[in-house]
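Student: My structure is below; once you've seen it, I'll send some questions.
The values are calculated or read from the model by the stated rules, or taken from the named source; none is laboratory data. A quick note: this is a predicted structure, and the numbers were derived from the prediction, not measured. Methodologically, a virtual Cβ is constructed for each residue, glycine included, from the backbone with ideal geometry; neighbour enumeration extends over all protein chains shown.
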Amino acid sequence: MSESGGRYAHITGWGAHVPARAVTNQDLSQILPTSDAWIQERTGIVERHIAEEGEYTSTMAIHAGRQALKIANLDPSVLDLVICATSTPDYLMPNTASLIQDGLGAGNAAAFDLNTACSGFVYAVSVAAGLIKGGLYERILVIGAESMSRVMNWSDRSTCVLFGDGAGAVVLEASDRPGGVLSSKLGSDGSGGDLLMVGLGTRLPITQDSVARGETAMKMNGQQVFRFATRIMSEATKEVTALAGLQLADIDLIVPHQANTRILEVAAKQLGFAPGRIYSNVHRYGNTSAASIPLALVDALSEGRIRAGDHIVFVGFGGGLTWGACLVEWSFGPQDRHWSASQRALRWIRDRLARVKGGLHALDRKLAAAGRGRRKGDDGGPWRGLGPGQP
Ligand code: UT7
């Protein structure tokens, strides 16, 4: 996928959210045979944030999405589509993006989940940019959100110390002004699916025994994934740069998936980049899978590492095996996203109205369902207890 003429997809808003509870390496060394020294030396991770009771992939995503809409100064009601990149959805059904769409009050948006694990955000941005450039949609909210702590085997030190929870979001908008997402390159090698997997699904019976044996939790062949990650990060970066008609020297910053600082160091060497040109915040959040790139993006923006006109590469790799890279000509720095008091007030009012409207829809459905039950004059018959959606 490379540049299309005339219509462009710009990132106009961004947001991030992590749970309040930070768990340090030291904390983990109290419950596992591990140490702060091992984790920091082998991965660069210092702490990660873990969702508390009542916090889910969708709730973190809603926080991040709201911030992104605020920066873009958009009402949720003008969104055409919400894509949630996640491998840890709230449920198998309904999809998490629909929960987010409802939570935001984005009543006019379609919504779907996209699961390519740690590459999910790059896949979702690429799909969204394609839909915008193709003329199908004007405004899309892309969110990477994960509750990795909920699929860990907390007695497997080789995986559970690596991952964390969080969400990051961007708004993509159509424009005829050149720039935005210039090129994308996505890939997959399903023969490596067993190298990194979470067995939860319809193939493996979920029983007390399978859960107790850790069969439904995350399993990873760390060394093989490490080799794949270091190779693919530099390859995908080179490919996406060539597709945009640029040279590696034109890249101002790579915002990669945050799995391990050693992977980023190897990639920097392969690309001939000074380490500072590859952004890392893995020490703060650990590996948050599909959320890691937007979390890194928001930190890089707030540290002033990205300015309007910069060429940024997002590059992700992970379960599937999958990988992907996007090259973005950055359109707006944080300083360009300041809105007047009246613009903010108007958006605030529309935002509240959209949420009230969403609540009224849900209430309306409940009242209609209750009314139908009364009209039937029976106890619900064979559909009794099936909840919303019963005929
Ligand atoms: O997001 C998706 C993509 N995922 C990745 O990119 C992850 C890629 N892989 C990695 O980042 C690294 O392979 C790991 C961080 C997962 C592991 O680092 P490693 O240097 O490959 O370690 P290892 O698996 O070779 O293990 C070395 C030693 C072993 O002990 P012995 O056999 O040498 O005695 C492990 O048992 O380290 C031990 N070990 C630990 N020790 C303390 C493994 N985990 C731990 C731990 N604390 N948490």
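Student: Any idea which of (1) closer than 20 Å to T57 by Cβ; (2) assigned to a helix (DSSP H, G or I) is the one G316 doesn't satisfy?
Tutor: (2)
Student: Taking into account only those residues within the range 33-82 that are part of a loop (DSSP other than H, G, I, E, B) and within 11 Å of the ligand (Cβ to nearest atom), which is surrounded by the fewest Cβ atoms within 10 Å (Cβ to Cβ)?
Tutor: P33
Student: Is at least one residue of the range 293-308 buried (at least 20 other Cβ atoms within 10 Å of the Cβ) and hydroxyl-bearing (S, T, Y)?
Tutor: Among the residues of the range 293-308, not one is buried (at least 20 other Cβ atoms within 10 Å of the Cβ) and hydroxyl-bearing (S, T, Y), which makes the answer no.
Student: When the residues of the range 223-235 are filtered to those that are surrounded by 16 or more Cβ atoms within 10 Å (Cβ to Cβ) and within 6 Å of the ligand (Cβ to nearest atom), which remaining residue is farthest from S158 (Cα to Cα)? Walk me through how you get there before you give the answer.
Tutor: In the first step, residues of the range 223-235 are kept if they are surrounded by 16 or more Cβ atoms within 10 Å (Cβ to Cβ); the result is 225-226, 228-230, 232-235.
From the residues that got through so far, the ones that are within 6 Å of the ligand (Cβ to nearest atom) too are 225-226, 229.
Working: V225: 13, F226: 13, A229: 17 Å.
Once the filter is applied, the top-ranked residue is A229.
Student: In the range 105-123, how many residues are in contact (Cβ under 8 Å) with a residue 40 or more places away in the chain, buried (at least 20 other Cβ atoms within 10 Å of the Cβ) and more than 16 Å from the ligand (Cβ to nearest atom)?
Tutor: Of the residues in the range 105-123, 2 are in contact (Cβ under 8 Å) with a residue 40 or more places away in the chain, buried (at least 20 other Cβ atoms within 10 Å of the Cβ) and more than 16 Å from the ligand (Cβ to nearest atom).
Student: To continue, here is another question. Could you list, in sequence order, all residues of the range 191-226 that are within 20 Å of L162 (Cα to Cα) and hydroxyl-bearing (S, T, Y)?
Tutor: Once the filter is applied, which keeps residues that are within 20 Å of L162 (Cα to Cα) and hydroxyl-bearing (S, T, Y), the range 191-226 yields only T216.
Student: Which pairs turn up if I take residues in the range 349-366 that are closer than 13 Å to V78 by Cα and look for partners that are among the acidic types (D, E) and not in a helix (DSSP H, G or I) with beta carbon separation below 7 Å, at least 6 apart in sequence or on another chain?
Tutor: The qualifying pairs are R350/D75; D351/D75; A354/D75.
Student: Would you check if E239 is away from the ligand (no atom under 16 Å from the Cβ) and either touching a Leu at 6+ places or on another chain (Cβ under 6 Å) or at pLDDT 95 or above (or both)? Show your work before the answer.
Tutor: Values: away from the ligand (no atom under 16 Å from the Cβ): yes; either touching a Leu at 6+ places or on another chain (Cβ under 6 Å) or at pLDDT 95 or above (or both): yes.
Criteria met by E239.
Student: Count, please, the residues in the range 7-32 that happen to be farther than 18 Å from T288 by Cβ, in contact (Cβ under 8 Å) with a residue 24 or more places away in the chain and surrounded by fewer than 22 Cβ atoms within 10 Å (Cβ to Cβ).
Tutor: 3
Student: Kindly list, by first and then second residue, each pair from a residue in the range 192-217 that is within 15 Å of S155 (Cα to Cα) to a residue that is in a helix (DSSP H, G or I) and small (G, A, S), limited to pairs with Cβ atoms under 8 Å and residues at least 6 apart or on different chains.
Tutor: Close Cβ pairs (under 8 Å, with a partner that is in a helix (DSSP H, G or I) and small (G, A, S)) amount to T216/S210.
Student: Tell me yes or no: at least one residue of the range 9-26 is within 16 Å of the ligand (Cβ to nearest atom), over 29 Å from I312 (Cβ atoms) and assigned to a helix (DSSP H, G or I).
Tutor: So far as the range 9-26 goes, yes, one or more of its residues are within 16 Å of the ligand (Cβ to nearest atom), over 29 Å from I312 (Cβ atoms) and assigned to a helix (DSSP H, G or I).
Student: Follow-up. For the range 183-202: of the residues being in contact with a strand residue (DSSP E or B) (Cβ under 6 Å, 6 or more places away or on another chain) and not aliphatic (A, V, I, L, M), which is farthest from I11 (Cα to Cα)?
Tutor: S188
Student: If you don't mind, there's one more thing I want to ask. Search the range 265-290 for residues being within 11 Å of the ligand (Cβ to nearest atom) and closer than 20 Å to Y123 by Cα, and hand back the single one that is farthest from the chain's Cα centre (by Cα).
Tutor: Applying the filter and picking the extreme gives N287.
Student: Do the conditions hold for G179, that is, is it at positive phi and within 16 Å of the ligand (Cβ to nearest atom)?
Tutor: Numbers: at positive phi: yes; within 16 Å of the ligand (Cβ to nearest atom): no.
Against the criterion (at positive phi and within 16 Å of the ligand (Cβ to nearest atom)), G179 does not qualify.
Student: Could you please let me know if S331 is assigned to a helix (DSSP H, G or I), more than 16 Å from the ligand (Cβ to nearest atom) and at pLDDT 80 or above?
Tutor: Taking the combined requirement at face value, the residue does not satisfy it.
Student: Which members of the range 201-222 meet the condition of being more than 16 Å from the ligand (Cβ to nearest atom) and either closer than 30 Å to P275 by Cβ or of a type outside the set (S, T, N, Q) (or both)?
Tutor: G201, R203, L204, P205, I206, D209, V211, A212, R213, E215
Student: A further question on this structure: Of these, R284, R262, R277, R231, which one is without any contact (Cβ under 8 Å) to a residue 12 or more places away in the chain and of a type in the set (K, R)?
Tutor: Exactly one residue qualifies, and that residue is R231.
Student: Of all residues in the range 152-175, which are within 16 Å of the ligand (Cβ to nearest atom) and of a type outside the set (G, A, S)?
Tutor: M152, N153, W154, D156, R157, T159, C160, V161, L162, F163, D165
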